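Since the structure comes first, as structure tokens, the remarks are kept for the end.
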Amino acid sequence: MESEPVIVIHGGAWAIPDSLVASSLAGVQAAAQAGWKILSSGGSAVDAVEATIVVLENDPTFDAGTGSVLTTDGTVEMDAIIMEGENLNLGAVACLGNVKNPIRVARLVMEKTDHTLLVGQGALEFAKEIGVPTISTESLATPAGWAELERFKTYNKAVRGNFSERQGYGKLSGHDTVGCVALDKRGLLACGTSTGGITGKRCGRVGDSPLVGCGAYADKTAGAVSCTGHGESISKVCLARRILENCEQGIESEEAIQHGLSFMRRRVGNAGGAVCIDRKGNPGIGFNTARMAWAAIVRNKATSGINPGDMICFSE
């Protein structure tokens, strides 16, 4: 029996400033439409996840691909993961620079190697070997990214305040991770996450995004999830896998996300968000940061939001 396709995406959970609200909403809506076009025509969940995240990586509003933030050395180090839930195949890259779309390299790791994660220079060499064009750091970082690095150097403090709770969240600027979960007509699940990290991070720092079970996870017995927020905190609690453990216990996706976020807040005192599709095809969106850009298309109904309680309809 054919499944009803579903796609849910996020553009990062953080203190999104008013100046980026319109572009964040437009970006996630465009990305959802790109993925839905594939799903509605019978394409695979993996193809839809990749295409969706490519749109977000190409949009300088988001901290992924073009628009990635900078390390203390003024370099770009990007992380990405893609995973399918049927056979638990996955590919990931970390600390990857000088490519336009790290999610595409992550998929090639999944499909062209026996490995699940390649990092740094090894990931870049692999990308070159399979014909992925290289680009300059200058073409990935935006003027806003450079300005943010200068603020970091001035105050000598990493941009972390944007991940705190809704009440009294930090006033620092920043960006965050993008991600997608999808269910195709064949009933197959997939997920993906991509990020440029946090401004002023040490070279070689890896957050949760490319770590399986932390930044993303997909398993047909539970569902698919992509996380966003403070990477170190998400990694400590293996947030993606924890959310799906809730789904395995029969908790629907939205409640499963809230349970996971509440556990992370109690145990390590930080915040974030996630999107999820459980094994029954129920979509879920949740965050305990000030804002999170998200969009979903389910049964031809396209909705999006950025503030708690938002449900903005847009044409699919």
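This table checks each residue for (1) among the basic types (K, R); (2) at pLDDT 95 or above; (3) not in a helix (DSSP H, G or I).
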position	(1), (2), (3)
H175	no, no, yes
V181	no, yes, yes
G192	no, yes, yes
R205	yes, yes, yes
T221	no, yes, yes
K236	yes, yes, no
A256	no, yes, no
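Quickly run through the range 1-33 and pick out the residues that are assigned to a strand (DSSP E or B) and not β-branched (V, I, T). Spell out how you get there, then give the answer.
So in the range 1-33, the residues assigned to a strand (DSSP E or B) come out as 6-14.
Listed by number, the residues that qualify are H10, G11, G12, A13, W14.
Out of all the residues in the range 46-98, which are in contact with a helix residue (DSSP H, G or I) (Cβ under 7 Å, 6 or more places away or on another chain), part of a loop (DSSP other than H, G, I, E, B), of a type in the set (V, I, T) and surrounded by fewer than 24 Cβ atoms within 10 Å (Cβ to Cβ)?
T66, T75, listed by residue number.
Please go through the range 34-45 and pick out each residue that is in contact (Cβ under 8 Å) with a residue 12 or more places away in the chain and assigned to a loop (DSSP other than H, G, I, E, B).
G42, G43, S44
Taking the range 117-138 on its own, how many of its residues are without any contact (Cβ under 8 Å) to a residue 60 or more places away in the chain, surrounded by fewer than 18 Cβ atoms within 10 Å (Cβ to Cβ) and not charged (D, E, K, R)?
Summing the residues that are without any contact (Cβ under 8 Å) to a residue 60 or more places away in the chain, surrounded by fewer than 18 Cβ atoms within 10 Å (Cβ to Cβ) and not charged (D, E, K, R) in the range 117-138 gives 8.
Could you list, in sequence order, all residues of the range 147-158 that are surrounded by 15 or more Cβ atoms within 10 Å (Cβ to Cβ) and under 18 Å from P60 (Cα atoms)?
Scanning the range 147-158 gives E148, L149.
Considering only the range 274-281, I want to know if a residue exists there that is among the small types (G, A, S), modelled with pLDDT of 95 or more and either in contact with a helix residue (DSSP H, G or I) (Cβ under 7 Å, 6 or more places away or on another chain) or under 30 Å from A123 (Cα atoms) (or both).
Yes; the residues of the range 274-281 include at least one that is among the small types (G, A, S), modelled with pLDDT of 95 or more and either in contact with a helix residue (DSSP H, G or I) (Cβ under 7 Å, 6 or more places away or on another chain) or under 30 Å from A123 (Cα atoms) (or both).
The values are calculated or read from the model by the stated rules, or taken from the named source; none is laboratory data. These numbers were taken from a predicted model, which means no experiment stands behind them. Glycine gets a Cβ as well: all are built from the backbone with ideal geometry, and neighbour counts include every protein chain shown.
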